[in-house]
Every structure is written in structure tokens, then in C-alpha cells.
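The values are calculated or read from the model by the stated rules, or taken from the named source; none is laboratory data. Everything numeric here is computed off the predicted structure, so don't read it as measured data. Note that we place each Cβ from the backbone using ideal geometry, even for glycine, and neighbour counts take in every protein chain shown. Only protein heavy atoms, including side chains, enter the accessible area calculation; ligands, DNA and RNA are left aside. Shrake-Rupley method; radii C 1.70, N 1.55, O 1.52, S 1.80 Å.
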Amino acid sequence: MNRAINFSAGPAALPTEVLEQAQAEMLDYAGTGMSVMEMSHRSAEFIDIAERAERDLRELLQIPDDYHVLFLQGGATLQFAMVPLNLLGDRGTADYVNTGSWSTKAIKEAARFCSVNVAASAEEHGFDRIPDPETWACSPDAAYLHICSNETIGGVQFHSFPDREAGRDVGPPLVADMSSDILSRPIDVSRFGLIYAGAQKNVGPAGLTIVIVRKDLVGAARPGTPSMLDYAVHAEAGSMSNTPPTYAWYLAGLVFAWVRSLGGVAAVEERNRRKAAKLYEAIDGSNLFRSPVVEEARSTMNVPFTLPAGELDAAFLAGATERGLLNLKGHRSVGGMRASLYNAVPESAVDALIAYMREFETDHLR
Ligand code: PMP
């Protein structure tokens, strides 16, 4: 067997240990004589899997008791609509900070339901930075303030969050799309009203979406909201209002246990910082590769980099594939290269990439 070195942005590499455990349990989960895919979501075995996953996630992220943890479907994209449908209440405005492609999509969807105030945007800078929070022009009557904590395509990440707690809860609830950096570092959940994330990067396979929402924000969905889009319906039913994505939920549980076995999110953050620092150092120290993102906003999860002339991209990517370094092509909207360094990407993968980049530079620098 030859496991690829997989830098995919998502669906992305999963920990080998997790896949091995899923493989070992595939035909006969815990003596049931069936796979988790084949069992009722109401069975005692699955309820145990579901509850354990939630418990582990709560422990990993230290999620306070006054938050619901929901295991939903529809991807982060459905949250672009569910957030306004559920949180607007009787307000007609929401604040959004535009830091790139995913914020832009969230804004576009929210604009179907309310007047969106773009409190700040990095568009004029080609989305290479996080706009300074001191300059954000928030609206006095916004129902919530939405950010994308990590822009998967642009490789721009919030390294601190606007202050919403510690005795100065000055604004509306902070909502964050954490699809591509959830579980990559400790976060203070109490500073957020709602956090959502598609699972297919740091959590598990596609098909599962995690929502962490403060309980007092649930229950005021706008009239006419389909019940499947109402957080209250899912919270009431323990995310089993209909058949949940059982296998993805089970795999997410295995990933949570794996993160615990590594020492939790603080230990994982240290690893992630080391991996990213190495790669950025190699890019900055090179005369060929460059990072399009300002230093203080660089993502530890998605590292875009460019070559001076676009025509070298194809040669770089072909050589990478030959060496088993896969999925390094940048998103079709921005081009260039992108290495995604999610939790399951080992440090040795980064070392292999850096070694290849040095080799490529020697061969191509004129
Ligand atoms: N937000 C971010 C930050 C993402 O990276 C993605 C997917 N790459 C999405 C939203 C959309 O997620 P989904 O495909 O699960 O709807």
C-alpha cells in the first residue's frame, strides 16, 4: 500500500490511524455483526457513538454547557442561509467582514434575507490581509457580526478575534465560519454566538456539518423557515430530527478521539504552527516562490504560494505528482499553488514538500 502525501484543501487527508480503526470495525462494529453504516441511528450502539463524539468535541473545545452542539448536513454553504434565517430575529441588518471567497459567498447568501452591512473588506488589497478591527464600521442595529476565521482559498486567517466577552459584550453575537480551522487550535467558544464548520477538513468526511450555538440564540427562526433549517428543531431532537449522516458522525468521533490521543487541540496547534512556520520560512527564504499573504495574517492551515511566471506552475505540479505530493494546485479562482496542512497532514509531508521546492528552485532559477 502506498498512501499519498495529500495536501488537498477538502475533502482532505484523514489520520491513517482513524482509517485503520474504521477498516477494522467495518464489517462488525463492536460485536453487532454490521457496519456503523448499516445500523439504525436509534440503536443503542449508534446513540453511544453519537453521544461520545459530542462529549469529546465538547471537551476538546471546552464548549460551555449553555451551547448546543449540532451534527447537521448541507455543508457550510447551508449555514450561509441558516445563520440569517435563525439569528436575524426582527432585525433587518447583519454585519459581515469580507476577507475572501468564502466571506463573499456568505455575504451573497445573507443578502437574500437581510440588508448586509460589509463592516470591512480586504478586497482592495486582493484579500491578502485581515482588515484591522479598529477600522470595522459595524452597524448599531446588526443582529450579528459574521467572520470567516480562515479563508481556505486565500490562506488568510484570524489570529485573534474581536473582543466580545470579558465584561465588555459590546456588540451583537459573533458568528464564525470555522470550516477550515476548527480543531486546529484552542478557541474561547464563549466569545462566539455561533460557530459552524463543514467537516471535510479537520473533522471527518464530507456530509457532516458542525454547529456550535449559544442556547439563547436558538428558537427565534424567522416565520416560514423550513423545519430542517431551524436550529431549534435540531437541538430539540439531538440532531436526529431525521436520519443524520451516521457514518460521517462516527468517523468524526474517531477523529475527536485521535485529537485527544495527541494531547488535545493545544498540542495539535503546536504541531500545526511548526509545520506552517517551516513552509513559510522556505517560501520567504526562496528566490523563486512567494507568499501572496501579509505575514501577520498567514494561515497555518492553507498555504498558498506562487511562482514568478505562471508557466512554471504546470512543471512544478507535474514534478510534485511524480513524487507523490498531491493536490497542490491552487483553487481555480486564484491559480498558483496551495498546500493545505490540516491536522492529519504529518510534519514529514511538509519536509518532503520543502525538499522538492528546493530541488525545483535549483533546477529553475536562472
Ligand atoms: N466555508 C469555508 C471556509 C470553506 O472552506 C468551505 C469549503 N471549502 C465552505 C465554506 C463551503 O463548505 P461546503 O462545501 O461544506 O458547503
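Sequence-ordered 3J(HN,Hα) estimates for the stretch 48-57 from the Karplus curve with 6.51, -1.76 and 1.60 and θ = phi - 60° stand at 5, 4, 5, 5, 5, 4, 5, 4, 5, 5 Hz, glycine and proline given as x. Relative contact order of the stretch 96-199, taken over Cα pairs closer than 8 Å and 6 or more residues apart, is 25 percent. Please state the shape class of the stretch 204-343: rounded when a/c is under 1.5, otherwise prolate if a/b exceeds b/c and oblate if not, all from the C-alpha gyration tensor. It is prolate, given that a/c is not under 1.5 and a/b is the larger ratio.
Overall form of the chain: oblate. Here a/c, set by the Cα gyration tensor axes a ≥ b ≥ c, is 1.5 or more, and a/b is not larger than b/c. Rounded to the nearest 0.05, what FRET efficiency is calculated for Asn2 and Thr135 with R0 set to 41 Å and r the Cβ-Cβ distance? Once rounded, the FRET efficiency stands at 0.25.
Residues Asp363, Asp28, Asp90 ordered from highest to lowest accessible area at a 1.4 Å probe: Asp90, Asp363, Asp28.
By a 1.4 Å probe calculation restricted to protein chains, Phe80 has an accessible surface near 10 Å², given to the nearest 10. Across the options Leu85, Tyr29, Tyr144, the greatest Cα extent toward the positive end of the charge dipole of the chain (unit charges at beta carbon of Lys, Arg, Asp, Glu) belongs to Leu85. Residues within the reach of a label modelled at Ala266 (point 7 angstrom out along Cα to beta-carbon, backbone nitrogen below 17 Å), restricted to the stretch 32-71, are 58-64.
Give, rounded to the nearest 20 debye, the magnitude of the charge dipole that the chain has about its Cα centre when Lys and Arg contribute +1 at Cβ and Asp and Glu contribute -1 at Cβ.
On the way: 32 positive and 46 negative charges, 89 e Å.
My answer is approximately 420 debye.
What do you get for Rg/Rh over the stretch 305-366 if you use C-alpha atoms and the Kirkwood form of Rh?
Numbers: Rg = 11.6 Å, Rh = 12.2 Å.
Reported Rg/Rh (Cα atoms, Kirkwood Rh): 0.95.
Measuring max minus min along each principal axis, the C-alpha atoms of the stretch 171-269 give extents of 44, 37, 19 Å (largest first).
Work out the P(r) tail for the stretch 12-117: percent of alpha carbon pairs separated by more than 17 Å, whole number. Provide the component values of the computation, followed by the final result.
Values: 3894 of 5565 pairs.
Summing the P(r) tail past 17 Å for the stretch 12-117 gives 70 percent.
Counting charges near Ala237 (Lys, Arg +1; Asp, Glu -1) among other residues having Cβ under 13 Å from its Cβ returns a value of -1. Rolled with a 1.4 Å probe across the full set of protein chains, the surface gives Ser40 an accessible area near 60 Å². Between Arg274 and Ala30, the distance separating the two model label sites (each 7 Å from Cα on the Cα→Cβ line) works out to 3.4 nm. Beta-bridge orientation, the chain: approximately 55 percent antiparallel, per DSSP, counting only bridges with both partners inside. A simple count of charges around Glu347, restricted to other residues whose Cβ falls under 13 Å of its Cβ and scoring Lys, Arg +1 and Asp, Glu -1, yields +3.
Computed over the stretch 5-79, relative contact order equals 10 percent, with contacts defined as Cα pairs under 8 Å that lie 6+ residues apart. Couplings 3J(HN,Hα) for the stretch 317-328, derived from phi with the Karplus relation 6.51 cos²θ - 1.76 cosθ + 1.60 (θ = phi - 60°), are 5, 5, x, 5, 4, 4, 8, x, 9, 10, 6, 9 Hz, where x marks Gly and Pro. With all protein chains kept in place, the per residue accessible area of the chain amounts to 44 square angstrom at a probe of 1.4 angstrom.
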